[in-house]
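Just below is one structure, and these are the notes that go with it.
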Amino acid sequence: MSKSIFIIAAVVYSVIMLGVGVYFSRRQKSSLTYFLGGRNIPAWIIAFTFTASWFGPTAAVVATGRAFYGGVSAIWLIAGPTWMAIALITALFSKKMRTVSASSNVYTLADVFRLRYGKFSAFLMFLCVLGYLWGLTAACFLGMAKALHSLVGMNFMLGLVIAAVVAIIYTTLGGYESVIFTDVIQAVLLGAGMVAFAAISLSRAGGWVNIKEVAIAKEGYLNVFHDFGNYLPIIIAFGLGWVASQEIFQRFASAKDEKHASRGGWWALVVNVPLFIVPVLAGIGAAVWLPGLVEKAGAAVPEAEKITFWASTNVLGGFGVFLFVAILAAIMSSADTFINAAGMTVSKDIFGQYLHKGGDISEKRMVNISRLSTLIVCALALLVSLAFTSILDALFLGADILVCGMLVPLIGAFWWKRATKVGATLSTLVGFGFVIIDFILHKAGVKVPYPGYPKSLYVGFGLSIVLFIVGSLLSKPEDESKIAPFFPKASKQKAA
């Protein structure tokens, strides 16, 4: 199929997204609207934007390729951890985050730490949040660049820049409302596109009998627990790490009330359980018919992260264009989420706390500052993406930061009254520091006296837990004023 058709599809899609950003830019009158949609988002939209945010390039592209090569155990790459994370974050935080956000004007996870543990812990949380959001945004830019390079032959660096520019413009202009509106559109596109791809792939495979024949030559291909030990660090990193996701806390904080926050999370789980199985089905189906077509074309079987793209351009005809747009939707819906969340973090946690030295500030100026923060964050994320060639590597670094630097003190803030700023500071500082140093050593090829990357996650997570508990128990309990917003019922009963 002509590459020009894919280029036209990408241009049309980008223009629509930019139009949405321009439209919603007129509605951004306050930072509350720009970052939380005025705290008036219903459950069904939260479910859609939840789905669109997490069904990104890893699910649409990487999981399909991994299933193609490794079989059904690829479900542990993204599907299993995502189901785990959605269930945990909804059960633990949906109602509590909405309550604290409304009662104490909390926007970010750093706000949570500031309220519960103090300014220094909040600053450490800010660094963690920004670090993991940069990693996730970089993964999205990489996904877009790989799509444009594979489908239309575009220079990889140029593809990175184009992906960043489109995401920057419509996210910066329209804020959170443009993000969730486009997420609804993109959730429908990516869901329809991937389901159709899986159906076509399984149909071309000739059914389950042919898939089983292919599986005979590949050890453990149809064993869901094959190579589980190597997937375990990913399950822990993603399944637990995403529980501490700024972008999902933002969704809960933006809900109409506690019930809409909770329902949105559970409805998202219902949608995501079948949806995340789809790329695995597409991959194992393609393992039957794609290698023969590649051989006829005189080409090499593409690497895992390019399987979906190769099928789009060489096999699927007119549907390939639709699949291409669905992949763009999956990537951009994740990118805009991370960009908006990162912009909110910089705007609220740096300007709001350190650069604005008092005095009133107009809402219009605050919105402009928020847009500038979003722009800066995006530009830096583009630079971060240059350090990676693998989407999965960028995602894993972000998840490592979440697990080792943020998760433990965050759970403690909402669920353990005895948690203190000393425990939180030690846990975050050492956990986050360990991840960064370990990643640098891994990239430099330096041998370490503990399980190497990615299994070094176990060490960082263990340090975070131990230091948080010991530091909290050995330090003075926090004042009731810091605990009360997180345990309102207990505080009311105590007062009575």
Of all residues in region 71-113, how many are under 19 Å from Phe197 (Cα atoms) and assigned to a helix (DSSP H, G or I)?
-> 4
Tell me, which residue of region 451-478 that is part of a helix (DSSP H, G or I) and without any contact (Cβ under 8 Å) to a residue 24 or more places away in the chain is surrounded by the fewest Cβ atoms within 10 Å (Cβ to Cβ)?
-> Gly462
Might you let me know whether region 248-260 holds any residue that is over 15 Å from Ala74 (Cβ atoms), assigned to a helix (DSSP H, G or I), modelled with pLDDT under 85 and not hydroxyl-bearing (Ser, Thr, Tyr)?
-> yes
For Ala10, indicate whether it is closer than 19 Å to Phe141 by Cα, out of contact with any helix residue (DSSP H, G or I) (no Cβ under 6 Å at 6 or more places or on another chain), touching a residue at least 60 places away in the same chain (Cβ under 8 Å) and surrounded by 19 or more Cβ atoms within 10 Å (Cβ to Cβ).
-> yes
How many residues does region 205-231 hold that are assigned to a helix (DSSP H, G or I) and either touching a residue at least 40 places away in the same chain (Cβ under 8 Å) or not aliphatic (A, V, I, L, M) (or both)?
-> 12
The one condition Asn105 fails out of (1) surrounded by fewer than 24 Cβ atoms within 10 Å (Cβ to Cβ); (2) touching a residue at least 40 places away in the same chain (Cβ under 8 Å) is (2)
Among the candidates Met344, Met332, which residue alone is out of contact with any His (no Cβ under 7 Å at 6 or more places or on another chain) and modelled with pLDDT of 75 or more?
-> Met344
How many residues does region 391-410 contain that are modelled with pLDDT of 85 or more and out of contact with any helix residue (DSSP H, G or I) (no Cβ under 7 Å at 6 or more places or on another chain)?
-> 0
Of those in region 370-390 that are within 28 Å of Tyr453 (Cα to Cα) and buried (at least 22 other Cβ atoms within 10 Å of the Cβ), the residue modelled with the lowest pLDDT is Ser385
Condition set hydrophobic (A, V, I, L, M, F, W, C) and within 25 Å of the chain's Cα centre (by Cα), scope region 421-437, selection surrounded by the fewest Cβ atoms within 10 Å (Cβ to Cβ): answer is Ile437
Scanning region 396-450 for residues that are assigned to a helix (DSSP H, G or I) and farther than 21 Å from Phe113 by Cβ gives Phe396, Leu397, Ile437, Asp438, Phe439, Ile440, Leu441, His442, Lys443, Ala444
Can you find even one residue in region 169-178 that is touching a helix residue (DSSP H, G or I) at 6+ places or on another chain (Cβ under 6 Å), under 30 Å from Val321 (Cβ atoms), surrounded by fewer than 23 Cβ atoms within 10 Å (Cβ to Cβ) and free of Cβ contacts under 8 Å to residues at least 12 places away in the same chain?
-> no
Scan region 271-296 for residues that are touching a residue at least 24 places away in the same chain (Cβ under 8 Å) and part of a helix (DSSP H, G or I) and report the count.
-> 17
Can you tell me which residues in region 86-100 are surrounded by fewer than 24 Cβ atoms within 10 Å (Cβ to Cβ), among the hydroxyl-bearing types (Ser, Thr, Tyr) and under 18 Å from Val270 (Cβ atoms)?
-> Thr90
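The values are calculated or read from the model by the stated rules, or taken from the named source; none is laboratory data. These figures come from a predicted structure and were not determined experimentally. So basically every Cβ, Gly included, is an ideal-geometry build from the backbone, and we count neighbours across all protein chains shown.
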